[in-house]
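Comments concern the structure below.
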Amino acid sequence: MHVTRVNDQVHMVTGTNVNWALVSDGSALTLVDTGYPNDSAALLASIAETGHRPQDVTAILITHAHLDHIGGVPMMTGRFGTPVLTGAEEARHARREYLEQITPLEMLRLCGHRASRRWVLDTVRAVFPQIKISLPQVGVVPPKEPLDVPGGLVAIPTPGHTTGHTAYLMPSTGVLFSGDALVTGHPTSRRGEGPQRLPEVFNTSEDGVTTAIAALRDLPADTLVPGHGGLARGPLADMVDKALR
Ligand SMILES: [Zn+2]
């Protein structure tokens, strides 16, 4: 687990090949995504490292309901009763009314390349045995208006990686939490580091991903906290152009 300070209020945390973020507002915290199930101890450690208690987290915002982003939710809701929220369509995915996720066969196929094989092993270790998580208690946030959560984040619908994928913008500090709509690297990527889409095997709709990335261009943000890869700073339009190239 590695904690990166983004600004006075925001920390990005890297767990097993995945990021989550802590947004503070006074003593209260919003958690954006939660890592893999077996990142739960690291999740608690990251909250402590930023000087907070798990009880300070008054909202968990989920970008999408893949296991590397919702893994810590059952622990947080079970032990601390933390509310968990996402966009309306992704809430259906989180309740597992349907499942859009890489299949075991697709993961096996990735094993042909050394870096991807390493990712598959990491993933199995980070997930097992909690391979089936559903979040029946998930709440719905409205799009494009300041939410009543610490940091006043705004939900930005970014369908493509999943049908209900939702990014979050923090207007007051110009930070975009892009989840898996726009990342800056991934162990299975052959594009190296820098703004990019995830490899095709992970996405539900490639056209959707393209449209979602293009729609980020004019958001008032100059700092990117992605679901995978490092923190990026600079004009968001430049990042969008690089990712679409
Ligand atoms: Zn992910």
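The values are calculated or read from the model by the stated rules, or taken from the named source; none is laboratory data. Just so it is clear, the model here is predicted, and its values are computed rather than measured. Note that we place each Cβ from the backbone using ideal geometry, even for glycine, and neighbour counts take in every protein chain shown. Side chains included, ligands, DNA and RNA excluded: accessible areas come from the protein's heavy atoms. Shrake-Rupley method; radii C 1.70, N 1.55, O 1.52, S 1.80 Å.
Residues with beta-carbon under 12 Å from that of PRO143, excluding PRO143: net charge, scoring Lys, Arg +1 and Asp, Glu -1? Please report the intermediate quantities before stating the final value.
On the way: positive: LYS144; negative: GLU89, GLU90, GLU145.
Neighbour charge sum, excluding PRO143 itself: -2.
Database remark: amide H of THR16 closer than 5 angstrom to the amide H of TYR36 (H placed geometrically; neighbours at sequence offset of 5 or more, or on other chains; Pro and chain starts carry no H).
Tell me, what % of the accessible area of the chain is carbon and sulfur with a 1.4 angstrom probe?
Values: 5640 of 10530 Å².
Carbon-and-sulfur percentage of accessible area, whole number: 54.
Amide hydrogen proximity for ALA167: with H placed 1.01 Å from N in the peptide plane, the residues at 5 or more positions away or on another chain lying under 5 Å are ILE156, THR158. The reciprocal of the average 1/r between distinct C-alpha atoms defines the Kirkwood hydrodynamic radius, which for the chain equals 17.5 Å. Expressed to the nearest 5 percent, the antiparallel share of DSSP beta bridges inside the chain is 65 percent. Scanning residues 5 or more positions from ARG191 or on other chains, none has an amide H under 5 Å from its amide H, with H placed 1.01 Å from N in the peptide plane.
Please compute the per residue accessible area over the chain with all protein chains in place, 1.4 Å probe, rounded to a whole number of Å². Don't skip to the answer; put the middle values down first.
On the way: 10530 Å² over 245 residues.
Accessible area per residue, the chain: 43 Å².
Considering only ASN17, LEU176, ALA126, the residue lying farthest towards the positive end of the dipole of the stretch 2-244 is ALA126, judged by Cα position with unit charges set on Cβ.
Across LYS242, LYS144, LYS132, the residue with the most accessible area heads the list, and the full order at a 1.4 Å probe is LYS132, LYS144, LYS242.
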